[in-house]
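Q: This is the structure I have questions about; it appears just below.
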Amino acid sequence: MNKKAVYAALSLYVLIISVLPLINDLESINGWVAYGLGSYRYENNYFYIEVAGLGFSNSKPEISIRPIYLLSTYIPLISIDDSGSFCNALNLFRDMNYSVSRINSSALLMTYKGGDSNLYKYLVIFNRSTLSVIYRTEAPSNLSVLLELSYLAKVQSLRKEGDATIIDLRFKDPDNLYKEGRATLIITNASKLHVELGVRGIYRVLINAFNKEAIEIKLTHIFWPTDVTNDKLFQLSRWLNNERTIHLLYPFIAATLIYVGWRYWVKKES
């Protein structure tokens, strides 16, 4: 086979491989995307959410805030810990069979089955800046759900309004460069709620629902300060450190190498 034809085929293959991460990034904007066995992620201008596959993590989901001014940085905020959650005394992580499926671009369904209990956990994105985690059972059940805030978040206040418990959160960026951001956690239909501060400074929220068929955990009213640094070098370093920026460069790097190879090797040898 002609050397030029072989090089052209290899070049096309490398070019296609180089654009795949970029295509995946475009697909993952404002929609649930599968990226592994039972693993999903969602990303928009407010959230970065991961649901790990079976056996990879007991945190389903892990919710991070994505302030625009931090560019490449995600601020971990809340994880829902299946290993600390129960349905009718069955541990969600150890005692129940787990599966996950995509309902549509904004909704994910996690199913837990064990004994006579079937639990359905819906993760739904509303209006791009509000998300809900909804637990439903087929019959009145005793539910216990454990939330863990990240080390960057804290509970500011807690109040009761009707059947909803409202928790005001504060969070900061990892580099402590900006003022605190704010978010609101609304927990509906819980029978009992306990907030504690752990030894590592990490807040834990334990939600109990007795003889209930549904509870809802809603994260909304996300706000972060708008005063950003004017340091252009800092902003450039953040942009270059962005995973999507790196993926954007892959096709250009591949095309440059292909051009150099063609000019200085194939053309020279022919």
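The values are calculated or read from the model by the stated rules, or taken from the named source; none is laboratory data. Values in this document were obtained by computation on a predicted structure and should not be read as measured data. Glycine gets a Cβ as well: all are built from the backbone with ideal geometry, and neighbour counts include every protein chain shown.
Q: Go through (1) surrounded by 13 or more Cβ atoms within 10 Å (Cβ to Cβ); (2) closer than 27 Å to residue 196 by Cβ; (3) small (Gly, Ala, Ser) one by one and return the number of the condition residue 162 breaks.
A: (1)
Q: A further question follows. Determine, yes or no, whether residue 140 is at pLDDT below 95 and either closer than 20 Å to residue 49 by Cα or not in a strand (DSSP E or B) (or both).
A: Details: at pLDDT below 95: yes; either closer than 20 Å to residue 49 by Cα or not in a strand (DSSP E or B) (or both): no.
Against the criterion (at pLDDT below 95 and either closer than 20 Å to residue 49 by Cα or not in a strand (DSSP E or B) (or both)), residue 140 does not qualify.
Q: Could I ask something else about it? Could you list, in sequence order, the residues of region 116-130 that are of a type in the set (A, V, I, L, M, F, W, C) and either in contact with a strand residue (DSSP E or B) (Cβ under 6 Å, 6 or more places away or on another chain) or not assigned by TED's automatic domain parsing to the domain that holds residue 143 (or both)? Spell out how you get there, then give the answer.
A: First, the residues of region 116-130 that are of a type in the set (A, V, I, L, M, F, W, C): 119, 123-126.
Matches in region 116-130: 119, 123, 124, 125.
Q: Which pairs do you get when a residue that is assigned by TED's automatic domain parsing to the domain that holds residue 189 and within 11 Å of residue 185 (Cα to Cα), found in region 204-220, comes within reach of a residue that is modelled with pLDDT under 95 and outside any strand (DSSP E or B), reach meaning Cβ atoms under 8 angstrom, with the pair 6+ apart or on two chains?
A: As it stands, the answer is 216/189; 220/129, since those pairs meet every condition given.
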